[in-house]
């Protein structure tokens, strides 16, 4: 033991250990700094921890609603303009049902998928697969909506077998309600009948002793047709096989189609079913899954041209639903693989679709990439240590000599030690043989040596950042934050002119990918306006050309804006989408206030305009700059263009400044006593005008002096804003520190 302790002390004092500890400290610090600037810096303290919604290799599926005059032209729920005041969802937006909807109601769920509707009058019932967070098994759940899908109440689990269940195809026959869930793990296709709809079900019959996947039954052209996939069949291509059976009754007996399998092709071509078939204008349509890039990548739609017991033909037609363009920031940005569309008594069509923001196996893939990157970084650190002789890659063979043991040691243990030492000696000999030629090959005192070490360091940092990103950075999505279980959207409005077109293009490309942005409105004050094709945008961009170059145009009423929430954002401010989504969440909690990212303090007699640093020193603020703030568009625009605000607007035109200051004064003057502003701290923000020289307010001192003059003027007209001062870190969400 004394010899071992001596060796350990020598080892800890060695250059190699010091080198490795220093490298670990520096790379760990680099990883922390990287995460600080790339990860969401603020946790969601609004939402209590959920027992479900855990990272899952199968994804993070959720459910959205769609409506249209035709099943071939469906639009997402948000385009319908359904508003809910209690959650400030103006409008309600997809997704309408998520893993949190089930988990918060007491059924921990990692995701919800495979939605099917059953409609009874004005009540919608949604049946879906829910993956239990504890058992990691698929069960069948149900939820109910009495407002055509805008809000849902989770009712519970309706089927929980000892095997995986999914794809709960539900239909009516002879005044009975049946469900045909996938039970392929059981090796059979089982039909259930409702005893007490929607919660109690009974096994009615095993209709086929085959492990069919994603099956449905439809009554069409004189027969009942059963479509499903059997990937266990000899020669069947996974996600590329489809079979058909027919019968005179949904209870069977079933006869196989003579062309079976009617499809056995590439998995990207839509053979596997993707929801309920439907009849439109006398034609039968089938949805199929494209599993080419990843499982459930997208839905393909097929019109059935021939369906007889002897022959089957179908052709692909456009689905009619726009492909999401926001990537992982969209709830269905990575894939959507299931659609149930039905016609309402009104003639309108309604659909439910599932979607996921990440591809299949994403969490496992990220861990593999992350730990591989960390491993390569460690190898390069050790290799560079050997090359500069900080690590002596020569292992003394004396370490392989047997250590004397006590006589009381067992004979078997001694024999195992004697067998181990030759193997260690062989290993150390080969390590020495490999490491000796590399020892000291780089001289850090030469220019070439330092350059090579710098290059190696750069590669190590890249691997460290890649590993940190994939292991600790989550799925890379900057998701929206729900309020009372509902999502919504806002309009982003910016004001600019021709000298700042470079800023604007970068601005539009970035913010159009934020989850809750519905439209970007560009208020064009001066010069030749751009055209829509100039922008790389995931949402519509509308250029509103103004007759007069006035800062008052920022708050002009715009009847084409379809959301109550408007984010006023200068085109030279860049921040993360997560920061924007947090600001939107706070505004939905306080829609009568100005919610923004730049606090200011009006103080003194006469009033003086003070920046954020001063406000923090005084531990309070009473204004929010509307160059980066959420407002209620109708409320704010009406106040700003009221007759009472006319003299203030004229003063804004005179100074070509202070439109945001004026709006703060109007809020204080028009609102009931209480708070009129809310601050949300961004993770980081960059002023891109610094890179172009197109900043509007270049002289900060003069700019602040003009604003102080505005405050004095507005105080005389509308009363002072300095009567209130609101503390930082005053909310429970922790986002205003």
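Computed from the coordinates by the stated procedures, all read-outs in this text should not be read as laboratory data. For clarity, every value in this text was computed on a predicted model and none was experimentally measured. Heads up, the Cβs are rebuilt from the backbone with ideal geometry, glycines too, and the neighbour counts pull from every protein chain shown.
Debye calculation, C-alpha points only, no solvent: report log10 I(q)/I(0) for segment 115-257 at q = 0.10, 0.17 Å⁻¹, in the same order as the q values.
So the normalised log intensities are -0.35, -0.98.
Based on the Cβ-Cβ distance of residue 69 and residue 543, what FRET efficiency does E = 1/(1 + (r/R0)^6) give at R0 = 41 Å, to the nearest 0.05?
0.90
According to the square roots a ≥ b ≥ c of the eigenvalues of the Cα gyration tensor, what is the shape class of segment 489-718, taking rounded for a/c under 1.5, prolate for a/b larger than b/c otherwise, and oblate for the remainder?
Rounded shape, in that the Cα axes give a/c under 1.5.
So for 461, 208, fewest C-beta neighbours within 10 Å to most, what's the order?
Going from least to most buried by this count: 461, 208.
How large is the convex hull of the Cα atoms of the chain per residue, expressed in Å³ as a whole number?
With only Cα atoms used, the chain gives 254 Å³ per residue.
What order do you get for 519, 174 when you list them from fewest to most C-beta neighbours inside 10 Å?
174, 519
For the pair residue 25 and residue 725, what calculated FRET efficiency results from E = 1/(1 + (r/R0)^6), where r is the Cβ-Cβ distance and R0 = 51 Å, to the nearest 0.05?
Given R0 = 51 Å and the Cβ-Cβ separation, E is 0.75.
Work out how much length residue 484 to residue 308 would gain on full extension: take 0.36 nm times their residue separation and subtract the Cα-Cα distance, in nm to one decimal.
Length gained, residue 484 through residue 308: 58.4 nm.
Do the sum for the chain: with -39,500 (n - 2.57) for every DSSP H run of n ≥ 4, divided by all residues, what is the mean residue ellipticity at 222 nm, to the nearest 500 deg cm²/dmol?
-9000 deg cm²/dmol
From the Cα gyration tensor of segment 543-659, with a ≥ b ≥ c the square roots of its eigenvalues, which class applies: rounded if a/c is under 1.5, or else prolate if a/b is larger than b/c, or else oblate?
It comes out oblate by the Cα gyration axes.
What whole number of Å gives the distance from the Cα centroid of segment 90-163 to the Cα centroid of segment 264-335?
Cα centroid of segment 264-335 versus Cα centroid of segment 90-163: 23 Å apart.
Would you mind ranking 562, 617 by Cβ crowding within 10 Å, fewest neighbours first?
Placing the least packed residue first, the sequence is 617, 562.
Computed from the mean reciprocal separation of all distinct C-alpha pairs, what Kirkwood hydrodynamic radius does segment 620-733 have, in Å?
It works out to 15.6 Å.
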